[in-house]
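Heads up: the structure comes next, in C-alpha cells.
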Amino acid sequence: MHILETYALLSGCKISKCFIQEMPTVLPIGRYITFHPHSTKGDSKQYDKWDLVLKLLKDNDKFDYEIIQVGDTNDKQYVDNTSYLGNTNRWQLAYLIKNSSLHLGYDSFPIHLASHYDIPLVGLYSYHINTCGPYFSSKDKARLFEPDFTKIKPTFSYNDPHRLINTIDHIDVYKSVLFILFIWNNF
C-alpha cells in the first residue's frame, strides 16, 4: 500500500491532486527532458552511473532531446546547458517539468511534480522500499528502479555504506528512457 493511501485510510481523508502554483519561465527551444541527478541529503541517493546513462543517450543518433539539468548551483554539472541549475524556484520548476517530455532522476520533489502532471518519468530509489513513489503517474508512463533488497536490506538512512543505488544497471535506465520516449512522445 502506498504511504499516501495509508494516511488517507487512517485519517478518513480523500486523496486528490493539490493545486500547484506555476510561474512561467523561458523554455528550451524544441523537445527536452528534465534531469535531477543530485541530492544534498547524504550519499544514499547519489547514483555514480549518471555519466554512463547520459553518454548513451547523447551517442544515440535518434535521441534529439535537450537534457535540462535542474537542482542547486553547487550540484555537479552533467550537461552543457546549465542555465536552469540553481536559477529556478519551485514554481518555475513546476512549469519547466509540466512542459517537458520526460523527467529523469532520483526520488525527490521533481519526481513527484512529474507524477502530478502525469509526465513520463524514470526514477531511481535507493535507501527504502518504494512505498512512497510517484502516486499520480499512469503506471505505463513510469519506470521506477530500486536495488535488489533480497541480498542486502534497505538502510532507511540518507547515508548508505553499501551504496545500493549503484547496483541499478545503467543500461536498464537508458533503455527505459528511450522506451518511454518512444511510446509517449513518438521518439
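The values are calculated or read from the model by the stated rules, or taken from the named source; none is laboratory data. Here the structure is a predicted model, which is why all the values come from computation and not from measurement. Cβ placement follows ideal geometry from the backbone for every residue including glycine, while neighbour counts extend to all protein chains displayed. Areas reflect the complete protein model, heavy atoms only, side chains present, ligands, DNA and RNA absent. Shrake-Rupley method; radii C 1.70, N 1.55, O 1.52, S 1.80 Å.
So the values come out like this:
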quantity: Unit charges at the beta carbon, dipole of region 1-117: most positive-side option, Leu57, Gly42, Ile111; calculated: Ile111
quantity: Too-long pairs where the Cα-Cα distance tops 32 Å, listed order kept, from Lys55/Lys151; Lys14/Lys55; Lys14/Lys62; Lys41/Lys139; Lys17/Lys62; Lys62/Lys151; calculated: Lys14/Lys55; Lys14/Lys62; Lys17/Lys62; Lys62/Lys151
quantity: Of the DSSP H helices in the chain, those whose Cα atoms cover at least 20 Å axially and whose Kyte score averages 1.0 or more; calculated: 170-185
quantity: Surrounding net charge for His116, when Lys and Arg each add one and Asp and Glu each subtract one, Cβ distance under 12 Å; calculated: 0
quantity: Counted charge near Trp184, where neighbours are those whose Cβ lies closer than 12 Å (Asp, Glu -1; Lys, Arg +1); calculated: +1
quantity: Loop sites in region 105-172: chymotrypsin sites (Phe, Trp or Tyr not before Pro), DSSP, at most 10 other Cβ within 10 Å; calculated: Phe156
quantity: Charge tally in the Cβ shell below 9 Å around Arg31, where Lys, Arg are +1 and Asp, Glu are -1, Arg31 excluded; calculated: -2
quantity: Carbon + sulfur, % of accessible area of region 78-187 - ligands and nucleic acids excluded, 1.4 Å; calculated: 53
quantity: Over the chain: helical MRE at 222 nm, DSSP H runs n ≥ 4 each giving -39500 (n - 2.57), nearest 500; calculated: -8500 deg cm²/dmol
quantity: Positive-end residue, the chain charge dipole about Cα centroid, Cβ charges, pick of Leu102, Val79, Ile68; calculated: Leu102
